[in-house]
Amino acid sequence: MKRRMRDSLRKHPVLSAIFAVALLATVVFGIRMVMFMAHWGPPPPDQQPIEGWMTPRYVAFSWDIPKPEMFAVMARITGLDNPPDKPMPIERIAENSGMTTAAFIDALDQEIAAYRAANPDHAGDRPHD
């Protein structure tokens, strides 16, 4: 058996190399898939605080806030009536409204806490859009 394999490797070095690369890629992507599946879905909000790189839509999804309510929250915090026409990170929204990112995130945390306190039956529902 070993001799036949050795002879095949000598007769077809290019095919053997291609097979080895394909086998290696299968192993690497298989490991990545298993690691990804182990961490499927967004972490619970108490494990991932709001950060400047996040968009309002991401925060709304992570914290179980309906998007229209999130835009109303953003309008109350920034004083701007219209949400941005394209996805924008919180740090840029804060900058455009003349606030620091930390102050904006603090205000957003307070608004989310108030919304969740007023809507306890909504907690745990994920928006599906």
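A short reminder: the numbers here are calculations on the coordinates, not readings from a lab. Keep in mind it's a predicted model, so treat the numbers as computed, not measured. Cβ placement follows ideal geometry from the backbone for every residue including glycine, while neighbour counts extend to all protein chains displayed.
Run the numbers for GLU69 and PHE29: contour at 0.36 nm per residue of separation, minus the present Cα-Cα distance, in nm.
Numbers: separation 40, 0.36 × 40 = 14.40 nm, distance 3.96 nm.
10.4 nm is the gain from fully extending GLU69 to PHE29.
Based only on Cα atoms, what mean projected area does the convex hull of the stretch 45-118 have, in nm²? Could the numbers behind the result be given before it?
Working: hull surface 17.7 nm².
Averaging across all directions leaves 4.4 nm² for the Cα convex hull.
Taking the number of other C-beta atoms within 10 Å as the exposure measure, put ASP106, ASP121, ASP7 in order starting with the fewest.
Numbers: ASP106 14, ASP121 6, ASP7 10.
So the residues, fewest neighbours to most, are ASP121, ASP7, ASP106.
Please find the FRET efficiency linking ARG116 to ARG92, where r is the Cβ-Cβ separation and R0 is fixed at 35 Å, and quote it to the nearest 0.05. Don't jump to the answer; show the numbers that get you there.
On the way: r = 25 Å, r/R0 = 0.73.
For ARG116 and ARG92, the calculated efficiency is 0.85.
Expected output is a single nm value to one decimal: the length gained when fully extending between HIS12 and ALA102, i.e. 0.36 nm times separation in residues minus the C-alpha distance. What is it? Mind dumping the intermediate values first?
Working: separation 90, 0.36 × 90 = 32.40 nm, distance 6.21 nm.
Length difference between fully extended and current span is 26.2 nm.
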